[in-house]
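Colleague: Dumping the structure here so I can ask a few things about it.
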Amino acid sequence: MKFTVPLPEDWTAFGNAAEFSALPDEVRDQVHFLNNEATDYLFSLIHDAGLITGGGWDPFEKKNFKSVENVRGFSPTEEGRKALKKWLYHRGIPFSSPVFLLEHSRHAIVTSWKMVMRYSSFIFPGYDIVVFDRTLNWCLFYFHENEFFFGRDRQYDSSNDEKKMQELNDRKRKFPGFRHPYL
């Protein structure tokens with residue numbers, strides 16, 4: 001693949017280099033780490049497409065999905081890990097569906113939804129993570145305080161953002177000496 005890189009030496013969503021290397025070959029063959037260019041592109045894409053429109057405590061605050069499920073508190077016990085896998089399974093994403101995993105300041109990953117479910121105990125106990133596929137019709141957001149948000153049926157309308165920006169620009173023209181804190 002043109003935008004992939006070898007296994008990064010630092011921590012990944014699938015553990016450190018030794019943990020990842022210990023995974024079976026068929027698993028490692030389904031996990032691809034993307035280079036900085038591809039990672040930056042995907043972060044820009046989720047911003048421009050309005051997949052994530054708020055902070056980690058409310059990533060879909062602008063009602064960018066018709067339905068949003070919010071679940072918290074999957075424990076790190078075996079029972080909690082099974083409950084998380086069951087919850088992920090019931091999202092209805094096909095196992096073979098290629099998905100992107102984005103984690104702040106780390107290489108983006110392309111893998112399958114099956115690998116996300118299977119290795120959820122590696123992927124989710126750490127930092128904020130965004131998982132989505134190329135349709136941009138759904139998005140899973142894991143907030144680092146053990147909270148999951150799953151948005152389905154994207155309906156983001158950027159016209160509200162454009163309207164707010166226009167209002168700020170109009171205000172700036174009316175009051176040229178006023179320095180707005182966001183402009």
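Colleague: Per residue, how much space in cubic angstrom lies within the convex hull of the C-alpha atoms of segment 56-153?
Modeller: Spread over its residues, the Cα hull of segment 56-153 gives 92 Å³ apiece.
Colleague: If each residue's Cβ is checked for other Cβ atoms within 10 Å, how do 5, 31 rank with the fewest at the top?
Modeller: Least crowded to most crowded, the residues run 5, 31.
Colleague: For residue 81 and residue 49 in one chain, what is 0.36 nm times their gap in residues minus the Cα-Cα distance, to one decimal in nm?
Modeller: That pair, residue 81 and residue 49, stretches by 8.4 nm at full extension.
Colleague: Which whole-percent values make up P(r) of the chain when all C-alpha to C-alpha distances are grouped in 10 Å steps starting at zero?
Modeller: Here the calculated profile for the chain is 9, 33, 33, 15, 7, 3, 0.
Colleague: Still on this structure, please answer the following. How large is log10 of I(q)/I(0) for segment 1-61 at q = 0.24 Å⁻¹ when the intensity is taken from the Debye formula with one equal scatterer per alpha-carbon?
Modeller: Per q value, in the given order, log10 I(q)/I(0) is -0.97.
Colleague: Give, in nm to one decimal, the length gained when the segment between residue 4 and residue 170 is fully stretched (0.36 nm per residue of separation minus the Cα-Cα distance).
Modeller: The residue 4-residue 170 span can extend by a further 55.3 nm.
Colleague: Using the per-residue mean of other Cβ atoms lying within 10 Å as a proxy for protection, in what order, highest first, do the peptides 116-122, 82-88, 163-169 fall?
Modeller: Output ranking for 116-122, 82-88, 163-169: 116-122, 82-88, 163-169.
Colleague: Also: Rounded to the nearest 0.05, what FRET efficiency do residue 134 and residue 58 have when you use their Cβ-Cβ distance and R0 = 25 Å?
Modeller: The pair residue 134/residue 58 has a calculated efficiency of 0.50.
Colleague: Right, next: Starting from the Cα of residue 163, draw a straight line to each of the lysines and keep only those under 22 Å, dropping any in the same chain fewer than 8 residues away.
Modeller: Residue 163 reaches 62, 63, 66, 172, 174.
Colleague: I would also like to ask the following. What order do you get for 40, 48 when you list them from fewest to most C-beta neighbours inside 10 Å?
Modeller: 48, 40
Colleague: Under the 0.36 nm per residue contour assumption, what length would be gained going from the current alpha-carbon distance of residue 155 and residue 25 to full extension?
Modeller: So the chain would gain 42.9 nm between residue 155 and residue 25.
Colleague: Among 54, 31, 109, which residue has its Cα positioned farthest towards the positive end of the charge dipole of segment 21-121, with +1 placed on the Cβ of Lys and Arg, -1 on the Cβ of Asp and Glu, and the dipole taken about the Cα centre?
Modeller: Of the listed residues, the answer is 54.
Colleague: What size of dipole, in debye to the nearest 20, comes out for segment 60-136 about its Cα centre when the only charges are +1 on Lys and Arg C-beta atoms and -1 on Asp and Glu C-beta atoms?
Modeller: Computed about the Cα centre, the dipole is about 220 debye.
Colleague: Oh, and also: Helix 36-48 sits at what angle to the longest principal axis of the chain, using alpha carbons and giving 0 to 90 degrees rounded to 10?
Modeller: 50 degrees
Colleague: Quick check for me: using +1 on Lys/Arg Cβ and -1 on Asp/Glu Cβ, what's the dipole size of the chain about its Cα centre, in debye to the nearest 20?
Modeller: 700 debye
Computed from the coordinates by the stated procedures, all read-outs in this text should not be read as laboratory data. Remember, predicted model here, so these are calculated numbers, not experimental data. No Cβ is skipped: glycine too gets one built from the backbone with ideal geometry, and neighbour counts run over all protein chains shown.
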